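In what follows, a single structure is set out as structure tokens and then discussed.
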Amino acid sequence: MDRPGDRQDDLRELLDRLRQETLTEIAELLRSHRPESVSFDDTRPTDWGDEVSRHIDDEMDAAQLERKGERVRRIEHALDLLDRGAYGHCEKCREAIPIARLRALPFATQCVGCRESNELF
Ligand SMILES: [Zn+2]
């Protein structure tokens, strides 16, 4: 049960699921965004309050989309590292980072021990 291959499989599954979730969120944001931008026509009376709140929504969506896009890139980078056997190892002590920690923090680059000693010094 503890062969390295199992760990690789678990990590791949974790990253694949994260990527899928993030892509779904992006698709939902885009879907909720589109009807809003086509409603820019003369079927509704123009109202400044509306204009402003729509603008704010757009900016929030854009920022969210950007963050989620960045997340997908990081996940894909992690998958790339995983292929080369370089994902999920502490960058300081080279120990394998426990999967439980990676589930909580998929982009953790240090084990808890190194992380804590960093904070102390
Ligand atoms: Zn470490």
Could you list the trypsin sites (Lys or Arg not before Pro) in the range 64-99 that lie in coil according to DSSP, counting only those with at most 10 other Cβ atoms within 10 Å of their Cβ? Arg84, Arg94
What's the extension gain from Asp16 to Leu65 if we count 0.36 nm per residue and subtract their Cα-Cα distance? 15.7 nm
Please name which of Thr109, Ile97, Leu65 has its Cα lying farthest along the dipole of the range 55-121 towards the positive end, using unit charges on Cβ (Lys, Arg +1; Asp, Glu -1) and the Cα centre as origin. Ile97
At a Förster radius of 22 Å, what calculated FRET efficiency corresponds to the Cβ-Cβ distance of Asp83 and Leu23, to the nearest 0.05? 0.70
Label model pair Arg94, Arg7: point-to-point distance (7 angstrom along the Cα→beta-carbon line) in nm is 1.3 nm
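Starting from the residue with the highest accessible area, list Leu30, Leu15, Leu65 in decreasing order, probe 1.4 Å.
Working: Leu30 70, Leu15 0, Leu65 50 Å².
I get Leu30, Leu65, Leu15, largest accessible area first.
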With a 1.4 Å probe and all protein chains kept in place, how much accessible area does Glu66 have, in Å² rounded to the nearest 10? 130 Å²
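Classify the range 63-119 as rounded, prolate or oblate, taking a ≥ b ≥ c as the square roots of the eigenvalues of its Cα gyration tensor: rounded when a/c is under 1.5, otherwise prolate if a/b is larger than b/c and oblate if not. Show your work: numbers first, answer last.
Working: a/c = 2.49, a/b = 1.52, b/c = 1.64.
Oblate, because a/c is 1.5 or more while a/b does not exceed b/c.
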Once both label points are put 7 Å beyond Cα along the C-beta direction, the Phe107-Val72 separation in nm becomes 1.5 nm
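The values are calculated or read from the model by the stated rules, or taken from the named source; none is laboratory data. Note that the structure is a prediction, hence the values are computed from the model and not measured. Don't worry about glycine lacking a Cβ; one is built from the backbone with ideal geometry, like all the others, and counts go over all protein chains shown. To get the accessible areas, we keep the full protein, side chains included, count just its heavy atoms, and leave off ligands, DNA and RNA. Shrake-Rupley method; radii C 1.70, N 1.55, O 1.52, S 1.80 Å.
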